[in-house]
Each structure stands twice: as C-alpha cells, then as structure tokens.
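As structure tokens, the structure follows; a few thoughts come after it.
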Amino acid sequence: MVAPELSKLNSSPMAKSPIRNKASSCFSDVFLYLGGALLAFLLIWSLWSYAGNFEPNVTDLNIKVGSNSRSCVQENPAVNLRYDPPDRTFYDDPELRYSIDQPVKDWDEKRKEWLKLHPSFAPGARDRVVMLTGSQSGPCKNPIGDHFLLRFFKNKVDYCRIHGYDIFYNNVLLHPKMNSFWAKLPTVRAAMLAHPEAEWIWWVDSDAMFTDMEYKLPLRRYDYKNHNLVVHGWAKLIYEAKSWTALNAGVFLIRNCQWSMDFIDTWAKMGPMSPEFQKWGQIQRSLFKDKLFPASDDQSALIYLLYKDKRLMDKIYLEGEYYFEGYWLEIVPTYDNITEMYTAIERGDGKLRRRHAEKVSEQYGAFREPHLKGAGNGKGSWRRPFITHFTGCQPCSGDHNKMYEGDSCWKGMVRALNFADNQVLRKYGFVHPDLLDSKTVVETPFDYPDEGPW
C-alpha cells in the first residue's frame, strides 16, 4: 500500500524522486572511488616497473640534447641491410655460376628484379660504386713490399670511406688459369654478381693510389651517351700510332650491365684460359710494334678490340681530361708546387681553412673548385692528380723496370703516400711536414694554414 505522501509525490510528472537522487549519488561515489583507486594502482605499478625492471632497448632510444636536436640513432636507415625477402631471384638458380668461363644471360632483367625486391637499395643506385683491388695470395718477395701494399690499400680505404664507396680486396685467383694482370677480369665478373645494388664496378691496381682525396668521379659524364667502360687513354695512339700504351687497363670503371658481362667474356678470350692464348700474343705484337713482351696481356687485348671494332667507342669512354690514372714519373716531382698552390688558396679563403668533419669533405672539395679553374688538368697542371699509378715499379716483387734509377720507385711511393695521407690526416688535426718522413707528424694549429711557418 502506497503512503498518501508518496502518492502525492508520484502524481506530479515534474516531481523528482528522493530515492532516485540518493541512489544516483551512491553510484557516483562508487565510480569516483573505483576510478581513483585504479589511477593510483596504475601509477604505483608503472613506477615499480620502471625502477625494478628497467631494460632499455637501444634501438628505441631518442636521446635529445636540445629542443631541435635529432635522434642519435637512425631509426629508418636509408639502406636496409637486414631485409632479403623469400621471393625467388637469380641467386636461387642452381645453374648460376660465378666463374668467368660460364656466361651470364639476361643480367639487366635479373638485376632490375633484384632491385625491385630490395626497394631500399633503389635510391642512389645510379651512383653506387664498388671498388675492387687485390694482390697475390703469398707474401711479397721484396722485404718492404707487404708494407707498401698495406699502405696502398689503406689509401684506397681512406678514399672510399670519404666518398661512401664499398671496397673489396681480393688475393686469390678466381680462375686457376687467369693469373697475373688477367686475374682482375674474373674478380670483376664475380663482383658484378655479388653486388647487383651497384651501378659501377671500379678496378684499381694495387700499385695505384689516390692523390686527390676530394675529387669524385664525374659519373654524369659517362651517363650522357651511355658509356659502359671508362679507361684512361687516347684514340690517336690506338688508331694512328698503334701503341700498346694507348690506354692503361690498370684502372677502369665498368657499368654493371649485360653489355659489360658480354664484353668481359670477349676480352677474357685473349687470356690464359683460352686455348689460343699464345696465338693472341703473336697477333698483338705484330700490330703493336712497341709491345715489349710476347705473351698476350689484358691491356694489349683491350686496345686490339678497340682497334678492330671502332664501334666500341660508342660504349667505351677514353678519359683524357684528368688523371683518371697518371704516370708517377711525371707526377711525383710536382707535389711540392701543388702543395704551395693549394696552401696559397687556403690562406685566401677562410671557408677552406675551417675545421670540419671528415664525412662532409665533399662539400669542401666543391668549395675549392672555383679556385682551380686555371689549374689545368694532366701534364703540367698544378691541380692534384686524381690517381698516381706506379707502373713498372713492382712494389711486391721489387723487380722494377731497369729504366728507373736506384730507389726512385720507393722514394716516389713514400712521397705520394704521404702527400695523399696529409689530405686525410688534416681532418684529424695532423700533417706530415716532410713527405719523405712517414713517421713524423705535427699538429695543425687553429686556422691552419693561415698561422705558422708552413
């Protein structure tokens, strides 16, 4: 039975029930209490977890020194070295052979497909270079030969580090018959397969060194007419003088493509793996009257191919506009004058004297270029020679060409190595004051070379 008072209250549609208000208030209190308890629990749990179980993940760190600083750890590297999808590529073909005596077909398509499956390598692929060099598998006969080979290799590593190139040093024969100067071709062919991410493979002989650490290959020049092979040489000496020194095959740049695969196969057929090896030596010597030895060599073979088929000039670029490689005997005596000219330039340009990280060396090379417009290139130039090549010196065997007097080869190498090393050590705050003294270095003062008797 409903009480009269409650009946009156319920009879008004606008009236509010005191029971409902009381229940609502109770529920609100309960929710506030539970919410507060849950918040306190989460706060205590998180603090306990941080203090008792702190195991930082280095890859997730984002260390900030200031409001505008960037992460010290690169979260999304430009090239993903840990991604190789399970999709089938040419590497999964059991018929694939790395040996130079087995031809490779459809290489352009295979390489294109590999890059498609590895998209992080696609940006910058057009300019990606892998440098190759090497020597024999055993120790040098010359007591100081191994020391020189180590320093020559260090020089190449320095250059590659500054310009972001990969480098591979080979000291084994990748084909048992392709020895001596022919050993480079099997190495280049195998490297093309091992590095589908690279557009260019760059062979540099063990006795060649970089003596301009700032200069970078002008790759766009070779792209302009789609050249696939770059060597230092002169067309006149090939087609008119018929000289076996018309070019130098100790340094060459070759594009990683099917044309190059086929050309290496043709080039190698004049080497020791061919049953007609002796015949090719006779043919070369009959054409190139200045060739000094009877055996077929890689340089004479390349010149012969160009001489017999001039259409190859559409794909082979004879670089003569700078020292793609230069003869050491005409270069080494110029180092002192070059040093003086570059020092004078730096004294007049504060940008070039500024200390900077080694990683940004290319920018300072670009800063220097306007000052070198009148320097010229090649013989007689006071521009730093890009590559100094100690042809005929044989640092490992010690059996240098008899035309070189006494220890001129060894002293020339020391001067060249220290000339190049000064360009590297400068970024670390030191230089060799004497190019014939490899042991002694001095620290460069601030604003060098503006200050001090250098």
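The table below lists the values:
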{"item": "Additional length obtainable on full extension of the chain from ASP262 to LYS242, 0.36 nm per residue less Cα span", "result": "4.7 nm"}
{"item": "Sites SER397 and LYS269, calculated FRET efficiency, Cβ-Cβ separation with R0 25 Å, nearest 0.05", "result": "0.35"}
{"item": "Qualifying GluC sites (Glu not before Pro) in region 264-372, DSSP loop, other Cβ atoms within 10 Å at most 15", "result": "GLU276, GLU321"}
{"item": "Neighbour net charge for PHE252 - beta-carbon separation under 12 angstrom, K R +1, D E -1", "result": "-2"}
{"item": "FRET efficiency, GLU330 to ASP101 (Cβ-Cβ, R0 56 Å, nearest 0.05)", "result": "0.90"}
{"item": "Accessible area (Å², 1.4 Å probe, nearest 10) - HIS371", "result": "70 Å²"}
{"item": "Subset of LYS291/LYS411; LYS141/LYS402; LYS177/LYS289 violating a 24 Å alpha-carbon distance limit", "result": "LYS291/LYS411; LYS177/LYS289"}
{"item": "Distance-filtered residues of region 273-292 - backbone nitrogen under 13 Å, label point 7 angstrom along TYR307 Cα→Cβ", "result": "280-292"}
{"item": "Separation of the PHE168 and ASP127 label points, Cα + 7 Å toward Cβ, nm", "result": "2.3 nm"}
{"item": "Over region 146-300, relative contact order from alpha-carbon pairs under 8 Å, at least 6 apart, %", "result": "24 percent"}
{"item": "Check: region 281-371 dipole with +1 on Lys, Arg Cβ and -1 on Asp, Glu Cβ, in debye", "result": "180 debye"}
{"item": "Where labels lie 7 Å past Cα in the beta-carbon direction, separation of SER137 and ASP407 in nm", "result": "3.4 nm"}
{"item": "Local electrostatic count, THR391, Cβ distance below 10 Å [Lys/Arg +1, Asp/Glu -1]", "result": "-3"}
{"item": "Solvent exposure of region 129-249 as accessible area per residue, Å², 1.4 Å probe", "result": "39 Å²"}
{"item": "Relative contact order of region 120-212, pairs being alpha-carbon contacts under 8 Å that are 6 or more residues apart, as %", "result": "50 percent"}
{"item": "Spin-label pair SER286/ARG355, simplified geometry with 7 Å Cα→Cβ offset, distance in nm", "result": "6.7 nm"}
{"item": "Dipole moment magnitude, nearest 20 debye, region 297-454 about Cα centre, only Lys, Arg, Asp, Glu C-beta charged", "result": "440 debye"}
{"item": "Residue (of ILE238, PRO275, ILE254) at the positive-pole extreme of region 211-280, dipole from beta-carbon charges", "result": "ILE238"}
{"item": "Difference of contour (0.36 nm per residue) and Cα-Cα distance, ASP84 to LYS315", "result": "79.8 nm"}
{"item": "Calculated FRET value between ASP108 and ASP146, using beta carbons and R₀ = 41 Å, to 0.05", "result": "0.50"}
{"item": "Length added when fully stretched, ALA194-GLN363, from 0.36 nm per residue minus Cα-Cα", "result": "57.7 nm"}
{"item": "Within the accessible area of region 345-421 (1.4 Å probe), percent carbon and sulfur", "result": "50 percent"}
{"item": "Accessible-area ranking of ILE144, ILE162, ILE283, largest first, probe 1.4 Å", "result": "ILE144, ILE283, ILE162"}
{"item": "Part-to-part distance (alpha-carbon centres) for region 390-416 and region 169-233, which is given in Å", "result": "24 Å"}
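The values are calculated or read from the model by the stated rules, or taken from the named source; none is laboratory data. Just so you know, these numbers come straight off a predicted model, no measurement behind them. Note that we place each Cβ from the backbone using ideal geometry, even for glycine, and neighbour counts take in every protein chain shown. SASA here: full protein model, heavy atoms, side chains in, ligands and nucleic acids out. Shrake-Rupley method; radii C 1.70, N 1.55, O 1.52, S 1.80 Å.
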